[in-house]
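Q: Sending over a structure as structure tokens; questions will come in a sec.
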Amino acid sequence: MGGMMVHEDGVSLAFSELRKESKDIHNRIHSVAEDAAFVDQVHRSYPRIPLIPNMRCGAWYTDPGTASNERAYFKSTDGHTGNWSFNLRRPNLHILPLICAHAGLLLVDSTRAGKRVPDALSKTVPIWCAVINRAVLKTTPDMNTDAWNTKLYTPPGVVSAQEHDQIEQKLDGWADDLAASFYVLPKIQYPLRPIWISPSTTVFPKFPDTDAERRFYPVICISASKQVLDGMERRVTGFAYIQGSGDDHELWSMGLTPAQFWKHKATLLHANRNELPTLVQTLTSSTNTLDARTNSNASFHPTPIHHVHGRLSICTTHDIRSSIDAELAVVYLSSTDQAPPAFKDRPCVLCIQIPQGKKGQHHFLHSVLPQAIPFILLHLQNARRICIACETGTDTSIGVALAALTKFFDESGEFCGEYKGENVLSTSCQLYQKKKIVP
């Protein structure tokens, strides 16, 4: 009995050490750099095709100096078995012109231990390609249907034949929904077709350079991370390679962002294991200090949403000043509970703390919107302008603004004075895709 307890204690200690190593920022950063080098190798093989990350994870592997400014958002959950979907809230139509202009796309993502290709690339993107192809066929009169390929392509050895068939049966329904929506599909000359490349790929495929030879636009799905046993593999250079290191970075990054990683990449990779945490803290704190100092010397100019005559505007939390005029109300969204002291107990300022990562998504639906929407309505009714601020000015502030647009304004941008409609999120995302809130 005593021997069994010692054995169990040993196993528990081993698992504890593995978990500790998997969250070690030194291992993570060097693993990301190794995967990013592979992504760069693929990109150099297709220099004319733009490279974009699949958010959020893909941003760690794509060098902002060589990648396109566009971003894609294909969720793995839309490709999970039994949960397949073409989600009209995130149709990713904004990347179609990029694909057409360059005759293809390189899309980067990764996955953790247990898979060679993430579900976002193995199923969500194939669904997207097939649905787009079928919707284009349904909405384009006099198209030559024989030359337009609407098949579903999934990676062999990753998606089973049974799952492939189950997905294929749903494609026409999703295409009908897209064709019936008010999204305007751009004209594309060739159908889309997903292609997969991972570190286990031995030969990169070649594609025609001329329109005369071209039959489709390749959407090249790059799975950046090497598949390894138990998700971890020792390197002779002194770190443990962690498969899919860019995923769930809130668990390990100590506040470091992909943009900061790429800006200070050489410095971070040359730091030893012991000094790296202090270096990261210095880089992240100095960035925040610089942002605050820069913003303290600038005028407060939130970005107005012109469609509603500037009654709603968006900015970062760093942009907010204590001197808010009487005609402005503020929704202050932050991952910390340290709002500016001048905002305390001010009735025209609503401060909401939002957890980082996936917890924040749940919190947004169940806490942020229920607090922010009534606050916004009250101050709109009192003829105040509303400024919605989050840490980047491009994240939760956008979501709240979209919900407010849907609830309180009509199609011409006029304030309705009351709630209208209940389906806040789907309509909001459709408005965003139609660029109705672009400043």
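Q: Among CYS129, CYS315, which comes first, second and so on when ranked by fewest other beta-carbon atoms within 10 Å?
A: Details: CYS129 24, CYS315 20.
In order of increasing Cβ crowding within 10 Å: CYS315, CYS129.
Q: In debye, nearest 20, what is the charge dipole magnitude of the stretch 23-257 about its Cα centre with +1 on Lys and Arg Cβ and -1 on Asp and Glu Cβ, if you could check?
A: The dipole magnitude comes to about 160 debye.
Q: Something else now. When LEU283, LEU405, LEU98 are ordered from fewest to most other Cβ atoms inside 10 Å of their Cβ, what list results?
A: The order, fewest Cβ neighbours first, is LEU98, LEU283, LEU405.
Q: Taking neighbour counts of Cβ atoms within 10 Å as a proxy for exposure, in what order, fewest first, do TRP60, TRP174, TRP252, TRP128 appear?
A: Starting with the residue having the fewest Cβ neighbours, the order is TRP252, TRP174, TRP128, TRP60.
Q: So which of LYS23/LYS75; LYS123/LYS407; LYS138/LYS407; LYS23/LYS115 end up more than 27 Å apart, counting from Cα to Cα?
A: On the way: LYS23/LYS75 23 Å; LYS123/LYS407 34 Å; LYS138/LYS407 32 Å; LYS23/LYS115 19 Å.
The pairs that break the limit, which is 27 Å between Cα atoms, are LYS123/LYS407; LYS138/LYS407.
Every number in this text was worked out from the coordinates using simple rules, so none of it is lab data. Because the structure is predicted, anything quoted here is derived from the model rather than measured. Reconstructed Cβ throughout: ideal geometry from the backbone, glycine too, with neighbour counts over all protein chains shown.
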